[in-house]
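What follows is a set of notes on a single structure, which appears directly below.
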Amino acid sequence: MLPSYVEGLPVSAMEAMAVGLPVIATNIAGTSELVEHGKSGVLIRPSDPQAIADAVIRLIDDYDFRKRAAELGRAKVVEEFDVDKETAKLRDYLLETSSPAH
């Protein structure tokens, strides 16, 4: 659960998703780019304890949603945040920007 008011790209949510856990997080910049509400997790309004409780109950009660959210969340992190892919992108960028033409 990540009931933040401000986030960049929430690493703790990425880590949870990477190991196949469904995520409950506040619908704020950064988090909303990572967690897709109703698909890879549940996004809630900031400062809303009832929304947190409702989201927890939903994950407890709805096995199919919990399983699907965990699978989709893991797939998203593996696809979009793979270390080897990101390293290659950074290497290519650095090589491009350090060439004499730039």
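The values are calculated or read from the model by the stated rules, or taken from the named source; none is laboratory data. Everything numeric here is computed off the predicted structure, so don't read it as measured data. FYI the Cβ positions are ideal-geometry reconstructions off the backbone, even for glycines, and counts take in every protein chain you see. Surface accessibility is based on the protein's heavy atoms, side chains included, excluding ligands, DNA and RNA. Shrake-Rupley method; radii C 1.70, N 1.55, O 1.52, S 1.80 Å.
Below 8 Å, C-alpha to C-alpha, sequence gap of six or more: please give me the relative contact order for the chain in percent.
Details: 126 pairs, mean separation 26.8, N = 102.
It comes to 26 percent, rounded to a whole number.
Would you grab the residues whose amide H sits under 5 Å from the one on residue 42? Only those 5+ places off in sequence or on another chain, please, with H modelled 1.01 Å from N.
Amide H to amide H, under 5 Å and 5 or more residues apart or across chains, residue 42 pairs with 23, 24, 25.
Give a residue-ordered list of calculated ³J(HN,Hα) values for the stretch 29-41 (Karplus: 6.51 cos²θ - 1.76 cosθ + 1.60, θ = phi - 60°; whole Hz; x for Gly, Pro).
4, x, 5, 5, 7, 8, 9, 9, 3, x, 10, 9, x
Give the distance, in whole Å, between the Cα centre of the stretch 1-73 and the Cα centre of the stretch 74-102.
A separation of 27 Å, based on Cα centres.
Select from 23, 50, 88 the residue farthest towards the positive end of the dipole of the stretch 10-102; place +1 on Cβ of Lys and Arg, -1 on Cβ of Asp and Glu, and compute about the Cα centre.
The residue sitting farthest along the positive end of the dipole is 50.
Can you tell me the accessible area per residue over the chain, all protein chains present, probe 1.4 angstrom, in square angstrom?
Numbers: 6570 Å² over 102 residues.
Per residue, the chain has an accessible area of 64 Å².
So, with a 1.4 angstrom probe, what is the percent of accessible area on the chain that is carbon and sulfur?
On the way: 3850 of 6570 Å².
Ligands and nucleic acids excluded, carbon and sulfur reach 59 percent.
Here are several values of Cα Rg over 2.2 N^0.38 Å: (1) 1.17; (2) 1.03; (3) 1.31. Which one was derived from the coordinates shown?
(3)
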